[in-house]
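*Asks:* A single structure is presented below for examination.
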Amino acid sequence: AILALPSLEELYLSRNQLTLLPPHLCQLRQLRTLWLDNNRIRYLPDSIVLLHSLEELVLQGNQIAILPEGFGQLSRITLWKIKDNPLIQPPYEVCMKGIPYIAAYQQELAHSQPALKPRLKLVLMGLKDAGKTLLRRCLMEEDGQREDVGSLEAGSAQPRGCPGQQQDIGRVPVGKGIEVMDWTADAERGLTFIVYELAGDPSYDVIQSFFLSPGALYVLVVNLSAYVPQRFYPSVGYFLHWLGSKVPHAVVCMVGTHADLCAERELEEKCLDIHHQIAQQEKRDAEGLQNLVQQVDEALGQDFDLRCSSPHAAFYGVSDKNLRRKKAQFQYLLNHRPQILSPVLPFSCRDRCQVRRLRDKLLSVAEHRDIFPNLHRVLPKSWQVLEELHFQPQAQQLWLSWWDSARLGLQAGLTEDRLQSALSYLHESGKLLYFEEHLTLREYVFHNLPRLIDILNVFCQRDATVLLQKLLSDTHIDELRATQLHHYVEGFLLHGLLPAHVIRLLLKPHIQSREDLQLILELLEKMGLCYCVNKPKCKPLNGAAAWYKFPCYVKNEVPHAEAWINGANLSGQSFVVEQLQIEYSFPFIFPPGLFARYSVQINSHVVQRSDGKYQIYAYRGKVPVVVSYRPARGTLQPDTLSIASHASLPNIWTAWQAITPLVEELNVLLQEWPGLYYTVHVLCSKCLKRGSPNPHTFPGELLSQPRPEGLTEIICPKNGSERVNVALVYPPTPTVISPCSK
């Protein structure tokens, strides 16, 4: 019946348990909006490509594996959602980039034959002493392989060798930093794992999240000999929260190492305890989210005017649209819990049966089409050849220029205009780094990830001795120079500060010229590791040393508490100011390294900054801003991150103008954590002025809503006699992105 409505422009069919669409969908020629999310659709009719007026197409949460030929013709689509589908043609990474990239993929597939290359990312994670390195080496030794450490492709490796005989396995040294290598787990079927071994040291937190991505198999490793039930959360629960917030619905295999050091009954009890506590944690988290859904449902059951009548009301003033978005977010978190595949698998390198059992388990999980459809993704042959050419033995430099990469593209049969989409896919799938939107970095392709990881490992190294060894490796350094370098290292480990020429010494094996150094520093800044302290806005430094700040290293440095922090003028007399403070709360987990990366991201927005371990004081123009992180003080209290400013009431718009870009930067950064639950609130200015330890909070959703007409004041529920000016709760224009609209 709907097909008989040729003038239909909008069609919303979300959550209707649909399994197929009519083949003559193209009869709806005027259709501009088509929402089909959260159904059971396995394929789209070929005629969908004829809906040339389509501007919104929402397909997420279905079972679509292949998009129809010519799908890239739908060039007018601006709202496109496709996640949570088992996509193989085009691959998930291509589809997520948008319609132009799908068009480029399909055109390339028409130019060259399709290619299948089963490769899966395997990530080992766990505490520092969990036994990840030992486990990895035992698995790879089982296949008689030498480790291709420092290589993404077999054949481009410089093998470091493998552990010796079985009796020496217990003495395998612990891995240092993050390592990446290839493991051909099944030569017959050509199945290769790209193995990432993450560091268990918190010093690496600022970079480790870059290596957590969808479509990977995660192995969470626990040292059973050292495990006690009281240490469940730091050993297991924390990693599940961390992974779940970065990769919703992640596939996790639990492995318990050093099983040979436990008695049989002890082994059974510890494995059961871990299994039981995982179930308890998941139950608590799910019940918490279900309670939040219920609260939103109750609020939606009220009339909007009733919600706006009293600040005591739950979700005071929040629009129905924002509440529905909030509910959808909670439902998404509920439906995308981690997939923990089995109870803990005991593992000992001394027991070859356990080694083979784990290897077989990983292979069976990897080849399960319902779990890893991306293993069977179809690529244009030219894209696969391009990937192989970038990782051939002679391409061992740290990066390639765009033109070097273009020459490899020509060998793969890719002209320059078709190279961009291939590089974009390789970037999204984690094979290399290519920042197509960055003014400087887009001229380079970082194809040698193992060497790049070596560089990142240098800046996560907190051992003064190791850093000094790198700096003093030159035998021609005199005593005075050595003392100076020692002071630089001390300053780095305390304040996170290093001059560019010392950074060059630390990276000496990897970079050869000043241009190399500048490019690496641009990359580190892009990744959120550091920023230039004294970079001028327009003119060069005229020979002065450029200094770089690494916020993750700031230890006991306390920001300079300027007079304005306490609302005082230069003569010390207090003046009447209103405080504006936006607070983000993280009940489950605060993303590791987030504060340090955020500190780098906001640098372009502020001046005259002073950094502490958990605080940043700065100015936006002439307006003061304070960014503060407060770790949880107990299990029932959340971590919080707040952004604050102040101004007199007539000039409060200047405070909004100061904090709005900082709030938006944080929201953009948090979009990297789609499974993270957090809340946003505007703190009551009157409570802050009184110094209340628990100020009243207004919903953060108000930031994205226009000010209600005629409303000038809101009563503070903490003190019914005090009224808060509406300008202290609503921004002048609703431009700030609220968490539920991401």
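The values are calculated or read from the model by the stated rules, or taken from the named source; none is laboratory data. Since the structure is predicted, the reported quantities are computational estimates derived from the model, not experimental observations. Every residue, glycine as well, gets a Cβ built from its backbone with ideal geometry; the counts of neighbours run over all protein chains shown. To get the accessible areas, we keep the full protein, side chains included, count just its heavy atoms, and leave off ligands, DNA and RNA. Shrake-Rupley method; radii C 1.70, N 1.55, O 1.52, S 1.80 Å.
*Asks:* If you build the convex hull over the alpha carbons only and average its shadow over all orientations, what do you get for segment 200-286? Give it in nm² to one decimal. Don't skip to the answer; put the middle values down first.
*Replies:* On the way: hull surface 24.5 nm².
Computing the convex hull of the Cα atoms and averaging its projections yields 6.1 nm².
*Asks:* Residue separation times 0.36 nm, minus the C-alpha to C-alpha distance between E443 and A328: what's the value? Don't skip to the answer; put the middle values down first.
*Replies:* Values: separation 115, 0.36 × 115 = 41.40 nm, distance 3.99 nm.
Extra length from E443 to A328 when fully extended: 37.4 nm.
*Asks:* Of all DSSP beta bridges located in the chain, what percent are antiparallel, nearest 5? Before the final figure, lay out each step's value.
*Replies:* Values: 53 of 86 bridges.
Just about 60 percent of them are antiparallel.
*Asks:* Right, another one. Among I194, Q63, F588, pick out the residue whose Cα is farthest towards the positive end of the charge dipole of the chain, where Lys and Arg carry +1 and Asp and Glu carry -1 on C-beta, about the Cα centre.
*Replies:* F588
*Asks:* Please list K321, K97 in order of solvent-accessible area, largest first, computed with a 1.4 Å probe with all protein chains present.
*Replies:* So, going from the largest accessible area down, we get K321, K97.
*Asks:* Helix-only mean residue ellipticity at 222 nm, the chain, DSSP H runs n ≥ 4 weighted -39,500 (n - 2.57), per residue, nearest 500. What is it?
*Replies:* -10000 deg cm²/dmol
*Asks:* Just how large is the dipole of the chain about the Cα centre, in debye to the nearest 20, putting +1 at every Lys and Arg Cβ and -1 at every Asp and Glu Cβ?
*Replies:* Values: 74 positive and 75 negative charges, 171 e Å.
Approximately 820 debye in magnitude.
*Asks:* Here's another thing I want to ask about it. For the peptides 11-19, 596-604, 228-236, what is the packing order when you average, over each peptide's residues, the other Cβ atoms within 10 Å and list the highest mean first? Display every interim value, and only then the final one.
*Replies:* On the way: 11-19: 12.9, 596-604: 20.6, 228-236: 14.6.
Final packing ranking: 596-604, 228-236, 11-19.
*Asks:* So with the 1.4 Å probe, I'd like the accessible area per residue for segment 237-342, rounded to whole Å². Each step should come with its number before you reach the end.
*Replies:* Numbers: 5070 Å² over 106 residues.
That works out to 48 Å² per residue.
*Asks:* What fraction of the Cα pairs in the chain, stated in percent, has a spacing above 44 angstrom?
*Replies:* Values: 85957 of 274911 pairs.
Summing the P(r) tail past 44 Å for the chain gives 31 percent.
*Asks:* Hey, can you grab everything whose amide H is under 5 Å from the amide H of L345? Only 5+ residues off in sequence or another chain; H modelled, so Pro and N-termini drop out.
*Replies:* Long-range HN contacts for L345: M254, V255, G256.
*Asks:* OK, next. What is the percent carbon and sulfur in the accessible area of the chain, measuring with a 1.4 Å probe over the protein chains and ignoring ligands?
*Replies:* On the way: 17360 of 33750 Å².
Accessible surface attributable to carbon and sulfur in the chain totals 51 percent.
*Asks:* Report the charge-dipole magnitude of segment 2-85 in Debye, nearest 20, computed about the Cα centre from +1 at each Lys and Arg Cβ and -1 at each Asp and Glu Cβ. Intermediate results must be reported in sequence, preceding the final value.
*Replies:* Numbers: 8 positive and 8 negative charges, 29 e Å.
Dipole size: approximately 140 debye.
*Asks:* Can you spot the lysines whose alpha carbon is less than 23 Å from K327's alpha carbon? Ignore those fewer than 8 places along the same chain.
*Replies:* Straight-line reach from K327, under 23 Å: K81, K83, K246, K283, K742.
*Asks:* Let me ask another. Which whole-number percent gives the relative contact order of segment 577-728, counting Cα pairs below 8 Å spaced six or more residues apart? Could the numbers behind the result be given before it?
*Replies:* Details: 243 pairs, mean separation 39.1, N = 152.
The normalised contact order for segment 577-728 reaches 26 percent.
*Asks:* Measuring with a 1.4 Å probe in the full set of protein chains, what accessible area per residue, in whole Å², belongs to segment 575-715?
*Replies:* Numbers: 5700 Å² over 141 residues.
In whole numbers, segment 575-715 has 40 Å² accessible per residue.
*Asks:* What does the accessible area per residue of segment 2-85 come to in Å², with a 1.4 Å probe and no ligands, DNA or RNA counted?
*Replies:* Details: 4460 Å² over 84 residues.
Here the residues of segment 2-85 average 53 Å² of exposed surface.
*Asks:* Segment 14-81 to segment 364-443: how many Å between their Cα centroids?
*Replies:* About 28 Å separates the Cα centre of segment 14-81 from the one of segment 364-443.
*Asks:* Sort 101-111, 60-70 for me by packing, meaning the mean count of neighbouring Cβ atoms within 10 Å per residue, highest on top. Show your work: numbers first, answer last.
*Replies:* Values: 101-111: 19.1, 60-70: 17.5.
Going from most to least packed, we get 101-111, 60-70.
*Asks:* Sticking with this one: Let me have the relative contact order for the chain, percent, based on Cα pairs under 8 Å that are six or more residues apart. Let's see the in-between values first.
*Replies:* Values: 1331 pairs, mean separation 74.3, N = 742.
It rounds to 10 percent for the chain.
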